[in-house]
Amino acid sequence: MKHSETLYIPTEGKEEDESPWVGTIDAPTPDDTSFRFNLSRHVDPKNMYATDPLTNAPTVIALLDHQRQCTLVRPLVFRVDPGSLDVMNVAQRTRVEGTCQAIVDGLAITDPTEKVFLALRFESPALGAWYSGRAFKKVRDDETRTESLIASPPQSTSYQIPDIGLASVETQVRMRSIDECEEVRTSTVFSMTFNDPQSLEGIQTLAFDFERLFGFLIGHRGKMPEFRIQHKEKYELGQRTLHHEGVLRLGGVQYKTEVIPHFSRRTTQLSFPTNDFGDILEFFAKNRDKMLHRIHAVELSLQFQSDLVDRFNGMMPVLERDMTKRYIEPKEESYLDRKGAFFDYIESAPDDGIKEFSRKHMRLQDEKNPSLATCIDRAVIFLNSKGFRFPTDLGKRLSKRRGNLFHGGNSLKLDDVPNLYEEVRAATGLVQLHILLDLGMDIALLAEHHSGLPDIEPFLKPCPS
């Protein structure tokens, strides 16, 4: 999609004197990640504030460039300007400004919950950087002192993802004409053919989630690619029968405009994991919600936030939830299970007096709940056994800092800034490394990866002198 295109929304089924909405829609930018539309139409003076069909509609059918059918997903009008009405204005108009969650170019989708999509396909630069590298190499001829390129044949590998479908990764060399030159590049396409048809809402989530995974693996959240989605309806083209396809474009996602990092500066590579890529996809598919919550916290801290207090406040709830669930010992888990069962039993008592007595007069002694500091210390011991150098007092420091900032009104002395900087980096590193561990990475290899993990560089093995 161009940065700005003409948008036309007909008002079929409305009164004859109501004109269509006509205006422009702008694509997301790094500073404004939403699709923004600016539309106007002539109206009856009695209908100056009417915004149909743009309000209370999950999707709106429109035309791009007055000819290409498209669907606006979840449009939201945030400004209505009824214009002026006086002797100098011969017609009454209404102008609206708003945003939409996504655009489906080429398809008209009236029900986003209807399961009509069979496949998803998109070219992912992030996956290409992590998975395949270059699909060509340079060769120098010493006699002529010239260089040429040798392209590798196209390669495709498939992976079965339970409960979703068949995923495949295709890598090949592509060429693009630029003025008088030809640009040669490696194209890596990720596709999924679903076991069962997906709805528009479901396919949006899948597209977003997997691209976020690929960006996290290399440590770079770039611009969302365009996603080609295959509809179950077919059409005839000569001797062929083809499925209708559309292009899904997502908005509302922060991204970096920088190019993909050099391979030495990527967080991980295909050579890093101990698990097969299919195992990574399978694990991620089963735990997408939990994984994305943690991934977002890490990316926000590393790439989009500069204020130390904001980074700390955003990271600590995620760190606390992760560490207290991961580093609980069997006897502590058994204690917590019995504690919960006991109080569930009390609350199920038929006598309300027993419940009230329990709430007022019962108090536990010798609690065996592991504290946040204890769980963080156990995480530090584990990571340091893999070669890292996280501070051994990190649990106590993070727990104390959490109390000061969460309950002390964000009070921070100037002398605390270097310590807070170290604590924020360490907290982010703990969550980041445990995500990579869950995905099957051998994190012992990362303990020496200084260029790929610059934010936690002080906690890695020293560089050899």
- prompt: Between a first residue in region 244-265 that is touching a residue at least 12 places away in the same chain (Cβ under 8 Å) and a second residue that is open to solvent by 80 Å² or more (accessible area, probe 1.4 Å) and assigned to a loop (DSSP other than H, G, I, E, B), which pairs have beta carbons less than 7 Å apart while being 6 or more apart in sequence or on different chains?
  reply: Val247/Glu226; Arg249/Glu226; Gly251/Gln101; Gly252/Gln101; Tyr255/Lys223
message: Going by what's in this entry, would Gly83 be described as part of a loop (DSSP other than H, G, I, E, B) and in contact with a Lys or Arg (Cβ under 8 Å, 6 or more places away or on another chain)?
response: yes
- prompt: Taking Phe284, is it farther than 18 Å from Ala119 by Cβ, within 11 Å of the chain's Cα centre (by Cα) and crowded, with 16+ Cβ neighbours inside 10 Å?
  reply: no
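The rows are residues; the columns are (1) within 17 Å of the chain's Cα centre (by Cα); (2) among the hydroxyl-bearing types (Ser, Thr, Tyr).
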| site | (1), (2) |
| --- | --- |
| Ser156 | no, yes |
| Tyr159 | no, yes |
| Asp163 | no, no |
| Gln172 | no, no |
| Arg185 | no, no |
| Thr193 | no, yes |
| Asp196 | no, no |
| Asp209 | yes, no |
field: Verdict on Asp196 being among the charged types (D, E, K, R), open to solvent by 50 Å² or more (accessible area, probe 1.4 Å), over 30 Å from Glu18 (Cα atoms) and touching a helix residue (DSSP H, G or I) at 6+ places or on another chain (Cβ under 9 Å)
entry: no
statement: Scanning region 50-80 for residues that are in a loop (DSSP other than H, G, I, E, B) and among the hydroxyl-bearing types (Ser, Thr, Tyr) gives Thr51, Thr55
- line: Over region 212-231, the set of residues at pLDDT 95 or above, open to solvent by 20 Å² or more (accessible area, probe 1.4 Å) and charged (D, E, K, R) is Glu226, Arg228
- request: Please identify the pairs in which a residue from region 294-305 that is of a type in the set (Asp, Glu) has its Cβ atom under 8 Å from the Cβ atom of a residue that is at pLDDT below 95 and in a helix (DSSP H, G or I), counting only partners at least 6 apart or on another chain.
  value: none
task: Go through (1) modelled with pLDDT of 95 or more; (2) touching a helix residue (DSSP H, G or I) at 6+ places or on another chain (Cβ under 6 Å) and name the single condition Trp130 misses.
output: (1)
- prompt: Quick one: which of Ala379, Ala427 is assigned to a helix (DSSP H, G or I), of a type outside the set (Val, Ile, Thr), more than 23 Å from Leu213 (Cα to Cα) and modelled with pLDDT of 90 or more?
  reply: Ala379
query: Say we look at region 52-92 and pick out the residues that are under 22 Å from Thr6 (Cβ atoms) and modelled with pLDDT under 90; which of these is surrounded by the fewest Cβ atoms within 10 Å (Cβ to Cβ)?
result: Ala91
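The values are calculated or read from the model by the stated rules, or taken from the named source; none is laboratory data. If you're wondering where the values come from, they're calculated on a predicted model, not measured in any experiment. Note that we place each Cβ from the backbone using ideal geometry, even for glycine, and neighbour counts take in every protein chain shown. Calculation scope for accessible area: heavy atoms of the full protein, side chains included, ligands and nucleic acids excluded. Shrake-Rupley method; radii C 1.70, N 1.55, O 1.52, S 1.80 Å.
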